[in-house]
Amino acid sequence: MSSGLKEDSLSSETAIYLAGHGSYSKPRLIELQYRRILRYHEALAGRYEKSHAAPTVFIDFRLPRFGIGQVNLSEVPGFRKLRNAVLKHQYTLVYIDLDDSKEGLTPDYETAFVRALLEKSGAKVLNAFSDDEEAFKRDLKKRCGPHAREYEVTDRSDIVGFFPSLASEITATALRRELQALDDEQLSRVKGRIEALKRLRPYAGGGHPFIEDRLSAEWQKSGKG
């Protein structure tokens, strides 16, 4: 886990809650949630924050399985610590990136308790996943033009955007047999894309990647069609 996910011992009015969830075959990775929240946080431009201190991070590696709203907080010690801090008025704003779009339709995880208990305790909760207040949508269109489609910015595209070298290695591993076949023009293009992703360094010089590199170009092209 990167050092950026360590809990900050300094006091802050803002917190980030990260929790592993999704199915085991298609998880919503904690590091990905963190990057998406930072992007969303930047899009909001401090609208609800008084302090300039970096948000404090709280982590649980797995949300409880769906239990019709019944949650034992001993299963989520990071959340319990955060909620206690909210009750003590240490945090007034909490960012999350939780997929709550299928609440009650999946046995994989419980999400509703996070927003419900934090808001009941006195915090404002903003979910990057559902783009509360459409902050990301506005920023996306500002940066990428009126033809930008926010629904195309998914976990899949964000993994490519935030972790291009890893995406390159995963693609090469998944297609290792196919890539060993005789070269043709199409295969050369695939290999070229894999190598290009491997060379990308979106964090060089303190950079902050926004979206997958090809999406904006595709939107610009579709706008001219």
Hey, what's the Cα Rg ratio for the stretch 35-174 versus the globular rule of thumb, 2.2 N^0.38 Å?
-> 1.17
If R0 is 22 Å, what FRET efficiency do you get for Glu134 and Leu73 from their C-beta distance, rounded to 0.05?
-> 0.10
Whole-Hz ³J(HN,Hα) from phi, Karplus 6.51 cos²θ - 1.76 cosθ + 1.60, for the stretch 48-65, glycine and proline x | 10, 10, 9, 8, 9, 5, 5, x, 7, 9, 10, 10, 10, 7, 7, 6, x, 5
Ranked output for segments 70-76, 161-167 by mean other Cβ atoms within 10 Å, highest leading, reads 161-167, 70-76
Chain lengthening between Lys124 and His208 when straightened (0.36 nm per residue, less Cα-Cα) | 27.7 nm
Using the heavy atoms of the protein chains alone and a 1.4 angstrom probe, what is the accessible area of the chain per residue in square angstrom?
-> 58
About its Cα centre, what dipole magnitude does the stretch 29-125 give when the only charges are +1 on Lys and Arg Cβ and -1 on Asp and Glu Cβ, stated in debye to the nearest 20?
-> 360
Taking protein heavy atoms only, a 1.4 Å probe, and rounding to whole percent, the accessible area of the stretch 76-173 owed to carbon and sulfur comes out at 55
Residue by residue through the stretch 29-36, the couplings from Karplus 6.51 cos²θ - 1.76 cosθ + 1.60 with θ = phi - 60°, in Hz, x for Gly and Pro, are 5, 5, 4, 5, 4, 4, 5, 5
Cβ-based charge dipole, the chain, positive-most Cα from Tyr24, Tyr203, Gln180 = Tyr203
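The values are calculated or read from the model by the stated rules, or taken from the named source; none is laboratory data. The shown structure was predicted, so the numbers you read here are calculated from the model rather than taken from an experiment. Glycine also receives a Cβ, built like all others from the backbone with ideal geometry; neighbour counts cover every protein chain displayed. Surface accessibility is based on the protein's heavy atoms, side chains included, excluding ligands, DNA and RNA. Shrake-Rupley method; radii C 1.70, N 1.55, O 1.52, S 1.80 Å.
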